[in-house]
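K.L.:
This is the structure I have questions about; it appears just below.
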Ligand code: SF4
Ligand code: SF4
Ligand code: FES
């Protein structure tokens, strides 16, 4: 197989409050022989908030990010569900509206760039599943996670709106019964936990403005995983990770029950199975202690 | 070439939610095994349960045409218009074990029939009608151009089925929250060029009840059988608040505006700075968690943030592309 190569859109969180996500992404890519060219010129995607204030600016900035992936002639790979959604949504809107695309390109021309629509946009989770292949991953597992019950937490913006999925990755998810993370857990040798909240919202995006709503959603998600007998949770989204890992005190208070579980990034889970060290994967950066390794 | 249409049948097990508020203490599930044909829709199954198995089984339906909104239920957790949803598609999505439930289990009166009072109260609360001074003896018609009609973005096609409302996690958690259908209705009239309401947009911007409490989960977009995309309308209501100059200077609004400020400064976000800008002095309540994050290396101080390369490009684009004011 030709070496896989992507333009990596890190998003902001992997560079700030989840450094372990960046470390584990690099460690896993290295093990799998995937080359990642970091888009250091990229800006924030607007995280599903900028568009509430200034939709056109959000489009221009996301188009600029994709334009840099296009310059490299590579598929853009994201490592955050919300980055994935904002980028994929921008691509969808521009690719389906010539007038809008022309308007955006008029702006990009001011800085010598053009959005063409030639680069695909996918999430690292789907790059592993669709392009690398789970069978191949299975063959490379050196430390099967067989003693663990692992609760997948999908995160909204990878699975909804489902109409975007056909355009961004081949392993199309059923938002009511998603399977990608479960498949990944199984490929790593773990047992998956089935629970009602696995495809529900963690509440991250309203943590500041609607803290009670956010805390209840977080609490319910962790409680669901705990009731499913999970040893830990795993998520492809650093924002879900942040919410589930750092907000357990608020969540416990909101639902009237102590809830806490280790919440690993999917890259950390894959890294463990591939034999990376806990230090390489940044497992010491979590608030909920990861004490099983 | 044969154009013969082949009807196929398959065995499906239905696990059906049953509850009668007058008699039952707890709900229970009844199993029904049936041969289902590829021609049937979910409503046919509900009918067959009632006609062939148990006459007391209760549900709502009226038009059988996907336009009255009465028959909305959940199949395997997915909101569905029973009269529109084909059994073939359901089996393709979920396999041969299907769980039939009402839209909201906690609001059940009998089997699939729920009390939608909260839905209608929320609907009423957003001034869901056109507010306009009408000349009693108009000299001409009040014409709307096709371009202006397009601005409604099909929000007028809502059939009030409640599928989105009872799929919305914010509705479940926050009893004040208007919910996606009410927002779709609010947008439908606020976007109408003939409308002069002065209160609707302010109402849907109030904290606790309004658009700022939407968690952006896209459940409503997924659930809507009429493809109205309520969260798309919610986004537009956010934007209207800025355009009309009614966005209040509160934590929710500053959180949206803060992104532009942060991007202008660094290209990437300054996550701590964003929280500070959004919360103001109230940021102190985050300090215990922030401290724990700091000790785990999860917080980067403002001076440690790696700015985007070619930041000048980003700044130029922010200046030249941004029209929103706050
Ligand atoms: S996107 Fe907002 S309105 Fe829609 S279901 Fe989620 S929380 Fe409710
Ligand atoms: S927006 Fe869609 S799902 Fe919600 S009530 Fe209207 S038709 Fe039903
Ligand atoms: S019966 Fe009217 S929408 Fe289904």
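K.L.:
Taking the Cα centre of each part, how many Å lie between the range B:152-186 and the range A:63-81?
P.N.:
The range B:152-186 and the range A:63-81 have Cα centres separated by 34 Å.
K.L.:
Using a 7 Å offset from the Cα along the Cα-to-Cβ direction at both residue B:303 and residue B:134, what is the distance between the two label points in nm, to one decimal?
P.N.:
6.7
K.L.:
Looking at the range A:199-254, I'd like the Rg to Rh ratio, where Rg is from alpha-carbon atoms and Rh is Kirkwood's inverse mean 1/r.
P.N.:
With Rh from the inverse mean 1/r over Cα pairs, Rg/Rh is 0.94.
K.L.:
Find the relative contact order for chain A and round it to a whole percent, using C-alpha pairs within less than 8 Å whose residues are 6+ positions apart.
P.N.:
So the answer I get is 20 percent.
K.L.:
What distance in nm separates the simple spin-label points at residue B:320 and residue A:99, each placed 7 Å from Cα in the Cβ direction?
P.N.:
Reported label-point gap for residue B:320 and residue A:99 is 2.3 nm.
K.L.:
Hey, another quick one. Using a simple spin-label model with points 7 Å from Cα along the Cα→Cβ vector, what separation in nm is obtained for residue B:295 and residue B:106?
P.N.:
About 3.6 nm separates the two model spin labels.
K.L.:
For the range B:8-30 and the range A:119-191, write down the distance between their C-alpha centroids in whole Å.
P.N.:
Using only Cα atoms, the two centres lie 33 Å from each other.
K.L.:
State the percent of C-alpha pairs, over all pairs in the range B:46-204, separated by a distance greater than 22 angstrom.
P.N.:
53
K.L.:
What's the ranking of B:139-146, B:250-257 by average number of surrounding C-beta atoms within 10 Å, highest first?
P.N.:
Result, highest mean first: B:250-257, B:139-146.
K.L.:
Calculated FRET efficiency, residue A:146 and residue A:170, Cβ-Cβ r, R0 25 Å, to nearest 0.05?
P.N.:
On the way: r = 28 Å, r/R0 = 1.12.
The calculated FRET efficiency here is 0.35.
K.L.:
Taking the Cα atoms of chain B, what is the range of coordinates along each of the three principal axes, in descending order and whole Å?
P.N.:
Between the extreme Cα coordinates on each principal axis of chain B lie 70, 70, 57 Å.
K.L.:
Going by average Cβ density within 10 Å per residue, which order do the peptides B:306-314, A:267-275 take, highest to lowest?
P.N.:
Answer by packing, highest mean first, reads A:267-275, B:306-314.
K.L.:
By how many nm would the segment from residue B:115 to residue B:65 lengthen if fully extended, with 0.36 nm per residue of separation less the alpha-carbon distance?
P.N.:
Stretched out fully, the residue B:115 to residue B:65 stretch lengthens by 15.8 nm.
K.L.:
Over all Cα pairs of chain A, how is the pair count split among 10 Å bins, expressed in % and running from 0 up to the last occupied bin?
P.N.:
Answer for chain A: a P(r) of 7, 29, 36, 21, 7, 1 percent.
K.L.:
Here's a follow-up. If you average 1/r over all unlike Cα pairs in the range B:9-114 and invert the result, what Kirkwood radius do you get in angstrom?
P.N.:
13.7
K.L.:
Taking Rh as the Kirkwood radius, which is the inverse of the mean 1/r over Cα pairs, what is the Rg/Rh value for the range B:254-321?
P.N.:
Values: Rg = 13.4 Å, Rh = 13.0 Å.
Ratio of gyration radius to Kirkwood radius for the range B:254-321: 1.03.
K.L.:
Now a separate question. When DSSP beta bridges are limited to those with both residues in chain A, what percentage is antiparallel, rounded to the nearest 5?
P.N.:
0
K.L.:
If we sort A:178-184, A:133-139 on the protection proxy, mean other Cβ atoms within 10 Å, highest first, what's the order? Before the final figure, lay out the partial values.
P.N.:
Working: A:178-184: 21.0, A:133-139: 13.4.
Listed from highest to lowest mean packing, they are A:178-184, A:133-139.
K.L.:
Specify the inter-centroid distance of the range B:227-305 and the range A:203-247, based on alpha-carbon positions, in whole Å.
P.N.:
Here the two parts' Cα centres lie 19 Å apart.
K.L.:
Would you work out the relative contact order for the range B:254-321, in percent, from Cα pairs under 8 angstrom that are 6 or more residues apart?
P.N.:
The value is 42 percent.
K.L.:
Over chain B, what relative contact order in percent results from Cα pairs under 8 Å that are six or more residues apart? The partial results should precede the final answer.
P.N.:
Numbers: 469 pairs, mean separation 40.5, N = 326.
In percent, rounded to a whole number, it is 12.
K.L.:
Nearest 5 is fine: what % of DSSP beta bridges in chain B come out antiparallel, could you say?
P.N.:
85
K.L.:
Please give the length that would be gained between residue B:264 and residue B:22 if that part of the chain were fully extended, namely 0.36 nm times their separation in residues minus their C-alpha to C-alpha distance (nm, one decimal).
P.N.:
Roughly 81.0 nm would be gained on extension.
K.L.:
May I pose another question? Angle, helix A:19-32 long axis vs. longest principal axis of chain A, Cα atoms, 0 to 90°, nearest 10?
P.N.:
Orientation of helix A:19-32: about 80 degrees from the principal axis.
K.L.:
When DSSP assigns beta bridges and you keep just the ones with both residues in the protein assembly as shown, what percent turn out antiparallel, to the nearest 5? Intermediate values should be presented prior to the final figure.
P.N.:
On the way: 20 of 43 bridges.
Taking every DSSP beta bridge with both residues in the protein assembly as shown, the antiparallel ones total about 45 percent.
K.L.:
Moving on to the next point. Would you mind computing the Rg to Rh ratio of the protein assembly as shown from its alpha-carbon coordinates, Kirkwood style for Rh?
P.N.:
0.97
K.L.:
If you fit an axis through the alpha-carbon atoms of helix B:251-266 and take the longest principal axis of the Cα set of chain B, what angle between them do you get, 0 to 90°, nearest 10?
P.N.:
60
K.L.:
Decide, for the range A:162-293, between rounded, prolate and oblate: order the square roots of the alpha carbon gyration tensor eigenvalues as a ≥ b ≥ c, take rounded if a/c falls under 1.5, and otherwise choose prolate if a/b is larger than b/c, else oblate.
P.N.:
Cα axes put the range A:162-293 in the oblate bin.
K.L.:
Additional query: For chain B, find the longest principal axis of its Cα atoms and tell me its angle to the long axis of helix B:180-190, 0 to 90°, nearest 10.
P.N.:
60
K.L.:
To the nearest 0.05, what FRET efficiency results for residue A:191 and residue A:289 with a Förster distance of 25 Å applied to their C-beta separation?
P.N.:
Numbers: r = 21 Å, r/R0 = 0.85.
About 0.70, to the nearest 0.05.
Each value in this text was obtained by applying a stated rule to the coordinates, not by laboratory testing. Values in this document were obtained by computation on a predicted structure and should not be read as measured data. All Cβ positions, glycine included, derive from the backbone under ideal geometry; neighbour counts span all protein chains shown.
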